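The structure appears right after this line, and notes come after that.
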Amino acid sequence: MNTIRIEKYQKGQETAIYELIKKVYDEFVSVDYSDKGNQFFYDWIQPLKIAERQRDQININLAWKGQELVGMIEMRENKYVSLLFVDKTHHRQGIAKMLFHESVKDINQKYPAIDKLYVHASPYSVPVYKRLGFVETDIMLEENGIRYLPMEIVIKK
């Protein structure tokens with residue numbers, strides 16, 4: 001049995017990341033969004049856009065089972081969960097939690113002044129973020145055809 005290992009993003013992995021995100025998004029998230037919202041999201045996850053966001057700093061952690069990419073998290077500005085996706089066959093196995101905790105560890109080491117993290121949770125992902133300890137900070141909102149619930153978590157007290 002292969003165990004899950006968490007690794008930092010490396011240049012050249014953008015297509016695999018895109019394919020994982022799109023597969024999970026299409027199955028679980030896209031139904032909650034308009035065509036405009038889906039187009040906006042698909043543009044955000046294009047491999048070139050992923051690579052572009054990583055030029056300034058590497059803020060993607062990847063979960064691997066053997067050679068298979070099974071999960072990913074991207075942090076924006078070291079305080080926003082931008083993307084968090086786990087392959088369907090690996091849901092409810094603690095992979096999202098592992099990815100999130102690794103990102104928190106990275107942030108605590110590099111940016112000790114950051115004490116809260118934020119997410120605009122899709123309707124589908126709200127329960128996942130609640131299990132991670134996030135709390136709602138507003139009502140469900142919509143922007144660019146994307147419905148989301150603003151949430152936050154205190155990572156230091």
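The values are calculated or read from the model by the stated rules, or taken from the named source; none is laboratory data. Computed from a predicted model, the values in this text were never measured in an experiment. Methodologically, a virtual Cβ is constructed for each residue, glycine included, from the backbone with ideal geometry; neighbour enumeration extends over all protein chains shown.
List of remarks:
- Every pair of residues 6+ apart whose Cβ atoms lie under 7 Å, when the first sits in the range 66-93 and is crowded, with 17+ Cβ neighbours inside 10 Å while the second is in a loop (DSSP other than H, G, I, E, B) and of a type outside the set (Ser, Thr, Tyr): VAL70/ASP87; GLY71/ASP87; GLU74/ASN59; MET75/ASN59
- The criterion of being under 16 Å from the mean Cα position of the chain (by Cα), over 23 Å from SER122 (Cβ atoms) and either hydrophobic (A, V, I, L, M, F, W, C) or modelled with pLDDT of 95 or more (or both) holds for GLU7.
- Number of the condition not met by PRO127 [criteria: (1) under 20 Å from ASP26 (Cα atoms); (2) in contact with a helix residue (DSSP H, G or I) (Cβ under 9 Å, 6 or more places away or on another chain)]: (2)
- Extreme residue, nearest to the chain's Cα centre (by Cα), among residues of the range 95-116 that are surrounded by 16 or more Cβ atoms within 10 Å (Cβ to Cβ) and touching a residue at least 40 places away in the same chain (Cβ under 8 Å): LEU99
- The residues on offer are ARG147, ARG55, and the sole one that is among the basic types (Lys, Arg) and out of contact with any helix residue (DSSP H, G or I) (no Cβ under 6 Å at 6 or more places or on another chain) is ARG55.
- Test result for ASN61, over 23 Å from ASP35 (Cα atoms), polar (S, T, N, Q), modelled with pLDDT of 95 or more and under 13 Å from the mean Cα position of the chain (by Cα): yes
- Annotation: of all residues in the range 114-157 being in contact with a Gly (Cβ under 8 Å, 6 or more places away or on another chain) and hydrophobic (A, V, I, L, M, F, W, C), the one that is nearest to ARG76 (Cα to Cα) is ILE153.
- Total residues in the range 101-157 satisfying the condition of being assigned to a loop (DSSP other than H, G, I, E, B) and among the hydroxyl-bearing types (Ser, Thr, Tyr): the figure is 3.
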